[in-house]
């Protein structure tokens with residue numbers, strides 16, 4: 001509830017959810033009393049959806065009680081402020097004539113008079129009727145115009161109102177057709193820790209014992225020291241699934257396997273000796289998962305030298321497309337560190353959508369992102385290490401994502417949650433996007 005002085009006396013009831021309101025000229029004071037209905041009683045809404053009736057008298061009583069309490073506090077505050085200001089002026093001009101007791105008494109009586117005037121003119125009185133409707137939403141104004149047209153033609157009402165109510169009905173019906181997310185399986189998606197041991201501990205907490213799919217750049221160089229520093233990340237998920245990034249190495253991948261992680265490569269799942277002896281497509285958390293190791297990962301026999309090429313390499317992009325095409329229709333989730341490797345594949349899939357939904361989990365950019373096209377979802381959780389210890393000057397938020405999906409009757413991505421946390425202030429934001 002709020003009061004705006006300087007307006008023609010009116011009571012406004014506004015509903016932000018549908019962006020429309022009603023105005024009643026029921027106040028004699030030159031103010032506008034505005035009531036914004038900003039909350040929804042979920043239990044009542046569910047009851048209405050199930051055909052229960054609404055207790056209008058209880059709603060009216062609650063509204064009157066709330067309005068009465070607001071006006072009483074407002075009038076009391078106004079009188080108190082007026083008296084305080086009046087007494088301040090009285091003390092400021094005190095002299096023998098006029099005496100302080102007369103000026104103070106005048107201030108108090110004036111304040112009480114203001115209070116009485118507010119009590120008489122501010123509360124809505126009499127029958128509240130003949131509302132003036134106003135709105136800014138795309139559907140409501142036209143629907144209201146249709147109501148006005150009913151006075152001229154019932155046919156206009158039937159045609160126009162029906163057309164507009166389709167849009168309003170869609171607001172209710174479409175969500176009702178979606179699957180419930182409660183009790184659906186969820187995986188945590190993370191990447192680009194870059195040696196941030198604090199981020200590793202946070203990842204373990206956020207995963208809460210569920211599966212973690214880590215899409216590369218756990219370290220900065222993949223050296224033995226760095227690998228020992230962040231190898232606890234392999235315990236963050238149950239299981240912890242990993243593909244290498246350009247800042248990881250063949251050594252770090254092998255050590256993660258020995259810590260119990262599932263490490264995927266384009267040639268299959270790694271064993272403890274670092275050999276891809278397992279299958280290319282693995283059943284993990286009910287999903288059919290394949291991973292593409294980064295073509296620029298560092299190598300132990302090259303002293304972990306940087307092999308990254310900043311410019312996109314068409315040869316590597318074609319290699320990825322050739323690897324992917326036989327898997328389409330057989331795989332649910334594909335993990336690949338660099339989004340740039342996907343570009344030709346996404347173009348092909350745009351022209352020829354896959355026979356079954358496929359989700360690509362990517363990283364590298366340090367920015368949360370979600371891209372969708374027919375049958376395809378590309379999800380980037382951002383940087384789990386907020387850029388990492390080697391990028392202290394990089395203004396990067398700590399980011400993580402979660403993918404909600406169903407497995408019955410077949411794999412279907414339902415929603416993607418992206419979460420970002422400011423490492424300086426701790427403030428965070430989250431966003432959920434439905435994928436169905």
Item to complete: Report yes if some residue within the stretch 382-394 is over 27 Å from residue 265 (Cβ atoms) and surrounded by 21 or more Cβ atoms within 10 Å (Cβ to Cβ); otherwise report no.
Response: yes
Fill in: Set 307, 356: member being over 24 Å from residue 402 (Cα atoms), touching a residue at least 40 places away in the same chain (Cβ under 8 Å) and either in contact with a helix residue (DSSP H, G or I) (Cβ under 8 Å, 6 or more places away or on another chain) or assigned to a loop (DSSP other than H, G, I, E, B) (or both)
307
Item to complete: Considering every residue within the stretch 36-48, establish whether at least one is surrounded by 17 or more Cβ atoms within 10 Å (Cβ to Cβ) and touching a residue at least 12 places away in the same chain (Cβ under 8 Å).
Response: no
Practice prompt. Within the stretch 29-56, track down each residue that is more than 17 Å from residue 134 (Cβ to Cβ) and modelled with pLDDT of 85 or more.
Written response: 29, 30, 31
Practice prompt. Residue by residue through the stretch 262-293, note down the ones that are touching a strand residue (DSSP E or B) at 6+ places or on another chain (Cβ under 8 Å), more than 20 Å from residue 185 (Cα to Cα) and assigned to a loop (DSSP other than H, G, I, E, B).
Written response: 266, 267, 277, 278, 279, 280, 293
Worksheet item: Among 407, 361, 370, 327, which is touching a residue at least 40 places away in the same chain (Cβ under 8 Å), within 21 Å of the chain's Cα centre (by Cα), in the same structural domain as residue 288 (by TED's automatic domain parsing) and surrounded by fewer than 18 Cβ atoms within 10 Å (Cβ to Cβ)?
Response: 370
Worksheet entry | Some residue of the stretch 12-19 being assigned by TED's automatic domain parsing to the domain that holds residue 122, loosely packed, with under 15 Cβ neighbours inside 10 Å and under 30 Å from residue 115 (Cβ atoms) | no
Fill in: Among the residues listed as 210, 237, 222, the single one being touching a helix residue (DSSP H, G or I) at 6+ places or on another chain (Cβ under 6 Å), more than 25 Å from residue 301 (Cβ to Cβ), part of a loop (DSSP other than H, G, I, E, B) and in the same structural domain as residue 301 (by TED's automatic domain parsing)
237
Item to complete: Taking residue 331 as the residue in question, decide whether it is assigned to a loop (DSSP other than H, G, I, E, B), modelled with pLDDT of 95 or more and in contact with a helix residue (DSSP H, G or I) (Cβ under 9 Å, 6 or more places away or on another chain).
Response: yes
Item to complete: Mind listing just one residue for me: the one in the stretch 277-324 that is within 34 Å of the chain's Cα centre (by Cα) and on the phi > 0 side of the Ramachandran plot and, of those, surrounded by the most Cβ atoms within 10 Å (Cβ to Cβ)?
Response: 285
Discussion item. Looking only at the stretch 410-436, filter to residues that are in contact (Cβ under 8 Å) with a residue 12 or more places away in the chain, part of a loop (DSSP other than H, G, I, E, B) and over 14 Å from the mean Cα position of the chain (by Cα); which one of those is surrounded by the most Cβ atoms within 10 Å (Cβ to Cβ)?
Written reply: 411
Worksheet, complete the sentence: Residue hits (the stretch 195-213; touching a strand residue (DSSP E or B) at 6+ places or on another chain (Cβ under 7 Å), crowded, with 24+ Cβ neighbours inside 10 Å and touching a residue at least 40 places away in the same chain (Cβ under 8 Å)) are 199, 203, 213
Worksheet entry | Pair list, Cβ < 7 Å and 6+ apart or interchain, from the stretch 88-109 residues that are outside the structural domain of residue 78 (by TED's automatic domain parsing) and more than 19 Å from residue 78 (Cα to Cα) to residues that are loosely packed, with under 12 Cβ neighbours inside 10 Å and at pLDDT 85 or above | none
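The values are calculated or read from the model by the stated rules, or taken from the named source; none is laboratory data. None of these values were measured; they are calculated from a predicted model. All Cβ positions, even for glycine, are placed from backbone atoms using ideal geometry, and neighbour counts span all protein chains on display.
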